[in-house]
Structure formats: C-alpha cells, structure tokens
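The values are calculated or read from the model by the stated rules, or taken from the named source; none is laboratory data. Worth saying up front: this structure is predicted, and the values here are computed from it rather than measured. When we count neighbours, we look across all protein chains shown, and the Cβ atoms used for this are built from the backbone with ideal geometry, even at glycine.
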Amino acid sequence: MNYVCETGNPLKTLTSGLAGSCTIRSLVGSVPVTDRTLDRGTEAFVYIVHDVNTMGTISARVPDELEDELETYLEDENIDRSTAVRKLLSERLEEWRHERALEQLADGTITFSRAAEVAELSVWDFAQLASERDVTWVADDHVDDDLEAL
C-alpha cells in the first residue's frame, strides 16, 4: 500500500502517473499544503494506492444472510466490497494472532518475547494486551520458589 499525495486535479494527476498495475482504492482526504515549493492555498489530495500485482485473489461462497450484512457494512462504511473484505479479514486475522499468542503464552509453550512476535506487537503492547486479558505468563510455583529463596 502506498500513500500518494498529488496537487491540482487529484484524479487526473494521479491516474496519469500510475502504471497500469495500480488502482486507486480510496481518497484519504485533502490536506493543506505546507511545502514551500507549492503555492500558498494549493490543496493536496492524499490517496491510498494498492499495487494490484502484490495482491492475491480469494474467492468464497457465503450464506445470503452474511452477504446482506456485508452490503449493510459497505453502505455504512462507504467502501467498496474488496476493500471491506480486506479490512474485515485483516482485522480478524490480527485478533486471531493475538488470541493464539496469548493461548500459547498461557500454556507455557512459548516465551513472552516470542508471543509478542507471534502477535506482531511490541513487547510493551503485548504486555498491555496480556494484562487486559488477565493472562499471566509466570507460573505460580515459580513465584513461590522465588519468594522462598528470598
């Protein structure tokens, strides 16, 4: 995913500079220009551009109820179907990675730092997640042994 900033007529300028393998997915918004090389008052447009060649294709059959709910989501979020499916899939996979890492940590099959890697979080963010989910990564018997040793 690339963020592209163009000035002037946003769509014309952007599409004229793109290779045929790119598609414009969404307009992020316009921002005031602070660059000294541009005229004061010029408006810049920021787009998210995806290189189509770096994306695979997934096809799935879903129940009518799920498709109806997806259509409602598309309307509420004002996004196209592909973007919505990518967003929802990405969010759910992120949740799955977090859950998987927390389960493995609680089971004692991986270390704390490895669990943070599995979750694709920094150790600080993972520590906060573990705390929020009330997951402990130190066994009680180890704490008792350490306390007795003191």
### Query
Within the stretch 101-121, how many residues are at negative phi and either under 17 Å from the mean Cα position of the chain (by Cα) or not in a helix (DSSP H, G or I) (or both)?
8
## Note on the structure
For the stretch 75-105, the count of residues that are surrounded by fewer than 15 Cβ atoms within 10 Å (Cβ to Cβ) and either touching a residue at least 60 places away in the same chain (Cβ under 8 Å) or of a type in the set (A, V, I, L, M) (or both) equals 3
#### Entry: Test: residue 83 is at pLDDT 85 or above and among the polar types (S, T, N, Q)
yes
### Query
Of all residues in the stretch 59-100, how many are among the β-branched types (Val, Ile, Thr) and assigned to a helix (DSSP H, G or I)?
3
